[in-house]
Amino acid sequence: MAREPKNDPTDRLLSLYEGMLTIRQAEERLKALFADGEVPGFIHLSIGQEAVPVGISASLGPADTVASNHRGHGHALAKGIDLDGFFAEIMGRDSGLCRGRGGSMHVADVSIGMLGANGIVGAGLPITLGSALAHKTRGTDAVAVAYFGDGALAEGVLHECLNIAALWALPMLFACENNGWSEFSPTDRQMKASLKDLAAAFSIPHVEVDGNDVEAVEAAAAECIAALRRGDGPRVLECRTTRVRGHFEGDRQDYRSPDELAGLAATDPIARCRARLAELGVDANRIDAIAEAIDRRVEQAVANARGAPEPSFAAAAADVYTAAEG
Amino acid sequence: MAREPKNDPTDRLLSLYEGMLTIRQAEERLKALFADGEVPGFIHLSIGQEAVPVGISASLGPADTVASNHRGHGHALAKGIDLDGFFAEIMGRDSGLCRGRGGSMHVADVSIGMLGANGIVGAGLPITLGSALAHKTRGTDAVAVAYFGDGALAEGVLHECLNIAALWALPMLFACENNGWSEFSPTDRQMKASLKDLAAAFSIPHVEVDGNDVEAVEAAAAECIAALRRGDGPRVLECRTTRVRGHFEGDRQDYRSPDELAGLAATDPIARCRARLAELGVDANRIDAIAEAIDRRVEQAVANARGAPEPSFAAAAADVYTAAEG
Amino acid sequence: MVETRYGKAINQALHDALAADPSVILFGEDVGEAGGPFKATRGLQEAFGAERVRDTPISEAAIAGMAVGAALSGLKPVAEIMFMDFVTLAMDQLVNQAAKARFMFGGRNSVPMVLRTPHGGGLSAGPQHSQCLEAWLAHIPGLKVVCPATPADAYGLLRAAIDDPDPVVVVENKALYALKGEIDDSPAAVPIGRARIARPGRDATVVTYGAALHTALQAADALAGDGVDVEVIDLRSLQPWDEAAVLASLSRTHRLVVLHEAVEAFGIGAEIAARMADVGFDELDAPIVRVGAPFMPVPFAGALEKAYLPAAADVVAAVRRTLE
Amino acid sequence: MVETRYGKAINQALHDALAADPSVILFGEDVGEAGGPFKATRGLQEAFGAERVRDTPISEAAIAGMAVGAALSGLKPVAEIMFMDFVTLAMDQLVNQAAKARFMFGGRNSVPMVLRTPHGGGLSAGPQHSQCLEAWLAHIPGLKVVCPATPADAYGLLRAAIDDPDPVVVVENKALYALKGEIDDSPAAVPIGRARIARPGRDATVVTYGAALHTALQAADALAGDGVDVEVIDLRSLQPWDEAAVLASLSRTHRLVVLHEAVEAFGIGAEIAARMADVGFDELDAPIVRVGAPFMPVPFAGALEKAYLPAAADVVAAVRRTLE
Ligand SMILES: Cc1ncc(C[n+]2csc(CCOP(=O)(O)OP(=O)(O)O)c2C)c(N)n1
Ligand SMILES: Cc1ncc(C[n+]2csc(CCOP(=O)(O)OP(=O)(O)O)c2C)c(N)n1
Ligand SMILES: [Mg+2]
Ligand SMILES: [Mg+2]
């Protein structure tokens, strides 16, 4: 996606809208494909959380890096990962970004700075730290973003990374998607400390934002990332957001109250963005055209994936190590 | 040692003095034995830090548990570990508390609640957490104490333990010996967060105390431990103290400024305690008699260790697992 | 005898252990209210209360360490690590603490803890949710490791693990949770360290454990059709493992294949083969052949994972090689 | 040729790598100003600055993870874990991230990182500062593992590791840091995966690596006095290991002993023996005998540790067993 900076505010918002809708429609498609048995394994959908990566990625360029977690589709797409490769990967085809070896929890494209979704809660944090260290050591103004959930707050490695990032003033953005849930448990039963207080303990500026308001996320992220590029040291951006679907597809969410489930639609970042576009006087047809274009693009990606060959076992075996030269 | 509570304040202080001096004289003896090649391996002396475990242990009974770190001689002795077994262990004899298998970094006596010194920085923390969980689950009013240094603040497991202890209101005392050093580096180059701020983030009451003032440590620890016994949840006790010797014996401490090294004597908790005893009118002969008694006891322990047999390899091999019954 | 599922047998073992001994407690991520990621702990918090069946934060190092500390302080904790891939976060406590505390403290105390964790592929769970890392643990003096292949053993080995005074890692296989099998009405503990002849035979021995047992039995059926009579040994315990049983079988068949789902190189099978190439050398009439996963991470796509997992055909080929 | 020490050779390799390639950086606990716990990094921060030679906090998981991230972002990090026992805190990043990133991301990138860490006993450092855990790493597809036995290899394998596009763990031996040996004036990298015949011989093969090489050579000397001519193979690399070299030697001597300091059970030697019991079966004239540490934690007391460590006499006895 890697959107060009748009100067006109309406164009900017349309671009953010398109970014979010791309993730949404891709995931809605995955949801259906999963239900139909065309997607194997576990998939964790980020439906309802799209504003976070789209808002953040608006300030990122190809030299910037991001590392993600198990709920990484949005992070990857917003960073500009190829949609064909994305679907093909999750559907387990040879044309997948990872040639079908990683699947949903490992979509990656290091060539554009997407250092991978991750199946290990918290593991993206030190990887991002190292990436930020590389940016700083190489003297570029690139930044590194770690996406993680509120559940990951309990992992010790977060503490290690907050400390080192602060100590060395690394250009790292700690981007927390706080959706209130850690799998099947509300995070407030798992975490005694808030990220705000933890960040404060390490003297890292913490910004909290309504993670379902893409404009707010964009603005907050832009400020954080500008600070990183100036060499001001790490920032924490905590985005309050909403997990709409189960922890993974197939999770019936019995543990959530009917009231909570009923209220989810109201928080939808895409509906909010659309309302805002309408306020700004954008024509409904123009907005609908975006959805249609995405739909065609997604269907094309699905069709391409369906038509792609199964991954090659021999190629996989040959890729455990780098082939010797010569 | 496991001193009886003394009601008379002078007697109390004498008892604390004796506790500290026992550790000091034992370690001074170890220092000489190490220099003479009678102690193998690495030893980390706590000379200058004796007030911390002695002050804390004044509130502990045999049902309470402590876990320690690499600099654990004082923690172990203050908890009441047997002096003969202590010397024999560190000198690698069969009569050692661990039958010569652990050495200085592993002195332990689980039967009196000393869950071991530890060679892994931070590792005593979750062990203490589990011990506190056991106390709580079993419905006793016992408490669990983790001794750790300021260098351990950087380990992620501290964060995990602060969180769980707070979340479950476990009777755990986080006893930090902040001596300003992590091996050969000043800790302020390694840690961006203070323990105070970390504790605050988890809503754990934090008490800071002059760790070289045994009365102050005793008073602060008594309050913390009373709170634990009441079921009020964990406490952090941060003791500012002074590492007098090198990180381990043999470390020449080139990295410390001559000024700093020259100033170390002034912080000596034992000298301070002795001055206080003099103030209280305790006769110098009575004080000196304590030193002499300890000296005899230590020499006896050394002589016993020297006379003890080498550890048995067959017995060691047989102790990897519990022998099957019957 | 009743029929039950592997996952249900685990649940029953935990239930019976909690009921039998107040010092048994359970903790892990989502093991309480949610009943566990694979439902193995379903209903236990309801039955025994939130003090004895605890949901933890996502803190694997602390989970393992808590088990050590609780075990040193009078409890018998049964901790869960949700996927075996995540024991990578708990190795210090398992290896440097749990395994060594008894030896290192002079043999005067033990560490009666259990760590349950599922390994194995077949669910397209990808490279970080499918690994079989049991060889690491078997290499560590002071740990015991068991790996049940059937519902009856899932019950019996877990009860034995909880009764055991030393730290035991119970490695379950994700693909087996739904497996049905017979179990006694009042099932007993299955002694740790003893293998089972899952199928007697005279022509060659296949030693295996865990889910691969079923692959071995399939292969044995196929070979039986061709008149080759394979003995299948289910190790059940990996540390200690039943060297005598393997040697006895080899002494009858003189041909040995070792099979597991874990990566072949440096896996459990290496030790068994190496040991038999020493103490069983005179009994060997053929090369010892190992069948295990190839040297690559567990791939995600169905086609790749299927090619990755050792199959009955591989075992058949291996047995044939020993008969050449 | 000059004489240098093992520790000094490591220092020189790091120095030369830092000088040769600006993308090489070093980090670890006290590796900078203090020059490393074993002085292997002495002077490097002074020479190359605190940006390229960094002292880290005591955060092993972050150290390993930083190496992964830096390697994915254009650098060639060389991280240090102070004692191999502490890799227990870094296994997720090594095993789930570093090892898998290339495969898992479709083979489109590599992870050119090095992790240096010392193993081994002999210093009465006790059960948590002496372990040899290399078999764990050798079991993990995607990692390479080397273990130099001499100053020349300490230099050459480390240079090769830093040049290698994939993650390499360089396992040093604490007891060897002071060892002296010859090294070229302009030493070159030593290719990963190739063994070396440390001593040619006809009667039996002893395969070993690391500090145990010197034990093997001692044993060979003793046996030579009795007219037994032992070939000693220094593996140098453990993953990949040089199967062809071992098989070639076995095909000459027909007798095999595998020796290492690590615990015998489920150690590196198990794989080598298992493999030879398969591909080398027809060459074997005797049982394959392994010599390794007994199944117990590394004990502290001098007398215990001495009895614990495999000695030349054990190797002599093992070779004799293959000749019976
Ligand atoms: C180390 C580790 N522990 C446990 C898990 C299992 N797990 C996967 S996601 C998850 C909850 C994560 O919650 P959060 O970080 O808030 O992300 P969310 O799912 O809410 O987006 C857990 C426990 C894991 N994948 N890795
Ligand atoms: C996990 C781990 N990392 C590193 C070390 C090496 N080490 C031993 S003590 C120490 C410094 C500890 O500093 P602190 O906790 O402040 O204790 P102090 O020595 O000051 O008493 C280090 C880095 C270790 N033993 N364990
Ligand atoms: Mg969440
Ligand atoms: Mg300190």
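Bear in mind that the values in this text are calculations on the coordinates, not laboratory data. As the structure is a prediction and not an experimental result, all values here were calculated from the model. Ideal geometry is used to build each Cβ from the backbone, glycine not excepted, and the neighbour counts take in all protein chains shown.
Comparing D:263, D:171, D:228 in a Gaussian network model of chain D, where Cα atoms under 10 Å apart are tied by springs, the biggest mean-square fluctuation is seen for D:228.
The trypsin sites (Lys or Arg not before Pro) of the stretch B:159-262 that DSSP puts in a loop, and whose beta carbon has at most 12 other beta carbons within 10 Å, are B:230, B:252. Take the Cα radius of gyration of the stretch A:176-216 and divide it by 2.2 N^0.38 Å, N being the number of residues; the result is 1.33. The magnitude of the dipole of the stretch A:165-300, with charges of +1 and -1 set on the Cβ of Lys/Arg and Asp/Glu and taken from the Cα centre, is near 360 debye. For a paramagnetic label modelled on residue B:12 (point 7 Å from Cα along Cα→Cβ), amide N atoms under 19 Å away belong, within the stretch B:39-61, to B:51-61.
The phi-based Karplus calculation (6.51 cos²θ - 1.76 cosθ + 1.60; θ = phi - 60°) puts the 3J(HN,Hα) values of the stretch C:18-33 at 4, 6, 7, 9, x, 7, 7, 10, 10, 8, x, 7, 6, 7, x, 4 Hz, whole numbers, x for Gly and Pro.
The relative contact order of chain C, computed from alpha carbon pairs under 8 Å that lie at least 6 residues apart in sequence, is 16 percent. When C:23, D:59 are arranged by Cβ crowding within 10 Å, least crowded first, meaning fewest neighbours, the order is C:23, D:59.
Rounded to the nearest whole Hz, the Karplus-based 3J(HN,Hα) values (6.51 cos²θ - 1.76 cosθ + 1.60, θ = phi - 60°) of the stretch A:197-208 follow the sequence 6, 5, 4, 4, 4, 9, 6, 9, x, 10, 10, 10, with x at glycine and proline. At q = 0.15, 0.25, 0.31 Å⁻¹, what is the log10 ratio I(q)/I(0) for the stretch C:24-66, with the Debye formula run over Cα points and no solvent? For the requested q values the scattering log ratios are -0.30, -0.79, -1.07. Placing pseudo-labels 7 Å out from each Cα toward the beta carbon at residue A:310 and residue D:251 gives an inter-label distance of 3.6 nm.
Here the Debye sum runs over all C-alpha atoms of the protein assembly as shown as equal scatterers in vacuum, and log10 of I(q)/I(0) at q = 0.04, 0.07, 0.09 Å⁻¹ comes out as -0.22, -0.69, -1.17. Distances between copies of residue C:3, taken at a point 7 Å out from Cα along the Cα→Cβ vector and listed shortest first: 7.8 nm. Taking the DSSP beta bridges with both ends in the stretch B:9-308, the antiparallel portion is around 10 percent.
By DSSP, the beta bridges lying fully in the stretch D:196-323 are antiparallel in about 20 percent of cases. When the Gaussian network model of chain B links Cα atoms closer than 10 Å, the mean-square fluctuations of B:232, B:254, B:288 top out at B:254. Computed over neighbours whose Cβ is under 13 Å from that of residue B:303, the net charge equals +1, Lys and Arg +1, Asp and Glu -1. In this entry, the stretch B:9-308 is assigned a mean projected area of 14.7 nm², taken as a quarter of its C-alpha convex hull surface. Computed from the Cβ-Cβ distance with R0 of 60 Å, the FRET efficiency linking residue B:279 to residue A:219 stands at 0.40.
Charged side chains reduced to their Cβ positions (Lys and Arg at +1, Asp and Glu at -1) give the stretch D:2-183 a dipole of some 240 debye around its Cα centre. Only Cα pairs under 8 Å and 6+ residues apart enter the sum, and on that basis the relative contact order of chain B stands at 22 percent. With θ taken as phi - 60° and the Karplus curve 6.51 cos²θ - 1.76 cosθ + 1.60 applied, the whole-hertz 3J(HN,Hα) list for the stretch D:198-214 is 7, 7, x, x, 10, 8, 7, 10, 10, 9, 7, 6, x, 4, 5, 3, 5 Hz, x standing for glycine and proline.
Among A:176, A:161, A:224, the largest mean-square fluctuation in a Gaussian network model of chain A (Cα springs under 10 Å) belongs to A:161. A point 7 Å from Cα along Cα→Cβ stands in for residue A:315, and the other copies hold the same point at 6.4 nm, listed in rising order.
Among B:136, D:39, a tally of other beta-carbon atoms within 10 Å of each Cβ gives an order, fewest to most, of D:39, B:136.
Each Cα pair of chain C feeds into the Kirkwood radius, which the Stokes-Einstein equation turns, at 20 °C and 1.002 mPa s, into a diffusion coefficient of 108 µm²/s. Which lysines does residue D:39 reach when only Cα atoms under 26 Å apart count, and residues fewer than 8 places away in its own chain are ignored? List returned: B:31, D:8, D:76, D:144, D:174, D:180, D:306.
The trypsin sites (Lys or Arg not before Pro) of the stretch C:64-139 that DSSP puts in a loop, and whose beta carbon has at most 15 other beta carbons within 10 Å, are C:108. When only the Cβ of Lys, Arg, Asp and Glu is charged (+1, +1, -1, -1), the dipole of chain A relative to its Cα centre reaches about 420 debye.
Applying 1/(1 + (r/R0)^6) with r as the Cβ-Cβ distance of residue A:254 and residue C:184 and R0 = 30 angstrom yields a FRET efficiency of 0.35. Taking amide H as placed 1.01 Å from N in the peptide plane, the amide H of residue B:182 sits under 5 Å from that of B:187, each at least 5 places away or on another chain. Note on residue D:194/residue D:20: beta-carbon distance plugged into 1/(1 + (r/R0)^6) with R0 of 25 Å gives a FRET efficiency of 0.70.
Computed from the Cα positions only, the extents of the stretch B:1-135 along the three principal axes stand at 43, 35, 25 Å, in decreasing order.
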